[in-house]
Amino acid sequence: MSRETSAPELESVLAAAAAAARPFAESTPADRAQWLAAAADALDAAADELIPLAHQETRLPAAPRLKGELARTTFQLRLFGEVLRDGEFLGATVDHADPAWPMGARPDLRRVLVPIGPVLVFAASNFPFAFSVAGGDTASALAAGCPVVLKAHPGHEELSTRTGEIVAQALTAAGAPEGAFAVIHGVEQGVAALKDPRISAAAFTGSVPGGRALFDIAVSRPTPIPFYGELGSVNPVVVTPGAVAARGEAVAKGYAGSFSLGAGQFCTKPGLLFLPEGHGLDDTLREAVSAVAQQEMLNDRIAAGFAQKLADLRAVSGVESVVEGAQDGDAFTPSLLATTAKEFLAGGEAVREEHFGPASLIVTYSDQAELTEVLDSLEPGLTATVQGEDSDADFVRPLLPSLARLAGRLLWNDWPTGVTVSWAQQHGGPYPATTAPTTTSVGTAAIERFLRPVAWQSFPDALLPEALQEANPWQLPRRVDGTR
């Protein structure tokens with residue numbers, strides 16, 4: 001039976017988050033780093049309880065998948081602690097008064113980023129730890145100094161409840177204000193929370209229809225709020241003639257492993273493989289894909305949706321089967337299909353949209369001009385990959401503007417299904433990949449989504465926030481009078 005948060009319970013959660021907002025915002029970065037570390041330690045200590053629960057609800061293998069994902073989750077909580085201790089995320093900037101400023105006398109101006117307020121996070125289905133209750137959105141919002149209301153995904157309700165209890169208890173035990181974190185359940189409750197004026201921003205990972213519906217609500221409120229949605233992506237892979245000649249077999253095997261990984265239920269799954277005509281890799285691809293074992297999908301709804309999308313793709317004129325995957329209930333072996341660039345351009349939406357599951361489409365191109373035409377017809381996504389050789393520079397260089405238009409992360413001789421959590425990571429892209437293409441939902445820069453700038457003009461030093469005081473008590477990296 002589905003869990004549902006009652007209306008009184010939801011009101012209590014929202015009221016507590018609103019009450020926690022001020023003390024949370026006034027906490028020091030060092031305090032918040034300790035709170036995040038406490039949450040990470042508590043989750044690590046509960047691994048033997050949480051991993052079997054996640055396996056039971058999501059069908060994902062306990063090892064290495066869920067064990068590794070929990071480790072990723074606690075790592076990113078601790079990494080945001082490093083962000084907080086570093087202090088650069090605050091963007092502290094000081095311009096002293098200057099009567100000789102070229103455009104006229106300049107007053108004393110000091111700018112810093114502050115927490116935006118309570119954040120509503122919609123958890124994802126396909127990563128029950130790393131993009132769920134204690135995932136990247138939660139970690140970055142808490143690091144920014146924002147209370148979090150987490151709307152649990154119905155695909156792993158029991159895990160969400162238990163994870164939420166562990167995180168909330170660890171935070172408050174470490175000194176965070178009561179109400180800094182809570183989990184709610186239910187579609188209507190999520191919508192009600194999104195509409196509530198006490199929520200100042202929202203983050204979402206999921207489908208295009210679901211994310212767009214929530215985005216429309218967020219921006220249609222009497223007081224609109226930022227909505228950071230990660231939605232859909234087909235993640236094209238371009239293989240050059242040089243790469244086919246030099247290491248075609250390795251590329252084919254790598255692609256088969258990437259698009260079938262986790263039953264194709266990654267937002268970065270490569271859905272399109274662009275190969276030159278006459279590539280000669282059909283047998284290698286067929287063998288590599290056919291060797292992948294049957295995998296269960298996350299739940300009945302996702303399995304049914306994938307089966308329908310795959311049927312629609314197979315029905316498109318000019319699309320042929322290379323490997324006819326099989327279905328056994330909610331379990332599938334991967335499917336590989338193929339078409340030409342000309343047929344792809346005439347194929348409509350079915351060949352261009354994301355197929356969330358173990359299927360991919362090969363598109364053969366005749367030359368660089370035809371490849372560019374097809375790339376320019378694609379909707380943007382999260383990633384775009386090139387498998388090429390250094391000697392292919394003249395072939396690849398003219399493609400780069402098209403690829404950069406398509407994605408927030410470009411890969412060279414790698415596979416997009418590995419998304420590390422680091423300082424330079426970018427996990428985002430133009431719509432429909434995300435609703436906010438200037439941001440990322442993975443990596444340390446994710447904290448920027450939940451901060452807003454405030455400038456202080458001509459205030460006495462004693463009334464300034466610590467980050468802007470003349471003595472720089474937090475020893476922050478700052479820009480002062482234009483100089484770092």
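The values are calculated or read from the model by the stated rules, or taken from the named source; none is laboratory data. Bear in mind that the values here come from a model prediction, so they are computed numbers and not experimental data. Glycine also receives a Cβ, built like all others from the backbone with ideal geometry; neighbour counts cover every protein chain displayed. The area values use the complete protein model at the heavy-atom level, side chains included, leaving out ligands, DNA and RNA. Shrake-Rupley method; radii C 1.70, N 1.55, O 1.52, S 1.80 Å.
Quick notes on this one:
- Of all accessible heavy-atom area on segment 51-128, the percent that carbon and sulfur account for (1.4 Å): 62
- Relative contact order (%) - segment 421-484, alpha-carbon pairs under 8 angstrom, separation at least six: 20
- Beta bridge orientation in the chain: antiparallel %, DSSP, nearest 5: 35
- Relative contact order (%) - criterion: Cα under 8 Å, at least six apart; region: segment 236-412: 28
- Antiparallel bridges, percent of DSSP beta bridges restricted to segment 315-368 (to nearest 5): 45
- Using the Karplus relation 6.51 cos²θ - 1.76 cosθ + 1.60 with θ = phi - 60°, the per-residue 3J(HN,Hα) values for segment 98-106 come to 9, x, 9, 4, x, 8, x, 3, 9 Hz, with x marking Gly and Pro.
- Surface per residue (accessible, 1.4 Å probe) for segment 276-370, Å²: 46
- The lysines within cross-link reach of LYS269, meaning a Cα-to-Cα straight distance under 20 Å and a gap of 8 or more places when in the same chain, are LYS253, LYS309.
- A DSSP coil position with no more than 10 other Cβ atoms inside 10 Å describes none of the trypsin sites (Lys or Arg not before Pro) in segment 1-94.
- Around PRO473: net Lys/Arg minus Asp/Glu count, Cβ-Cβ under 15 Å: -2
- Each peptide among 463-471, 170-178 gets the average number of other Cβ atoms lying within 10 Å of its residues, and from highest to lowest they stand as 170-178, 463-471.
- Nearest-10 value in Å² for the accessible area of THR439, using the 1.4 Å probe: 30
- For LEU150, the amide hydrogen comes within under 5 Å of the amide hydrogens of VAL121, ALA182, VAL183, ILE184, counting only partners 5 or more places away or on other chains and with H modelled in the peptide plane.
- Shape call, segment 105-231: gyration tensor on alpha carbons, a/c limit 1.5: oblate
- q = 0.08, 0.09, 0.13 Å⁻¹, the chain: log10 I(q)/I(0) [Debye, one scatterer per Cα]: -0.53, -0.66, -1.18
- Ranked packing of 440-449, 317-326, most packed first, by mean Cβ within 10 Å: 440-449, 317-326
- Translational D in µm²/s for segment 236-412 (Stokes-Einstein at 10 °C, 1.306 mPa s, Kirkwood Rh from C-alpha pairs): 98
- Cα gyration tensor category, rounded, prolate or oblate, for segment 309-423 with a/c compared to 1.5: oblate
- Taking the centroid of alpha carbons for each part, segment 174-205 and segment 25-102 are 18 Å apart.
- Straight Cα distances below 24 angstrom link LYS195 to the lysines LYS151, with same-chain residues fewer than 8 positions distant left out.
- Net charge of the neighbourhood of GLY329, taken over other residues with C-beta under 10 Å away and scored Lys/Arg +1, Asp/Glu -1, is -4.
- For segment 423-484, the solvent-accessible area works out to 52 Å² per residue, with a probe of 1.4 Å and every protein chain left in place.
- Estimated vicinal HN-Hα couplings, Hz - segment 331-345 in sequence order (Karplus 6.51, -1.76, 1.60; Gly, Pro = x): 10, 9, 9, x, 10, 10, 10, 8, 7, 9, 4, 4, 5, 4, 4
- Within the assembled protein chains, the solvent-accessible surface assigned to ASP95 is about 50 Å², based on a 1.4 Å probe.
- Solvent-accessible area per residue in segment 142-234 equals 34 Å², computed with a 1.4 angstrom probe and all protein chains kept.
- Relative contact order of the chain, taken over Cα pairs closer than 8 Å and 6 or more residues apart, is 18 percent.
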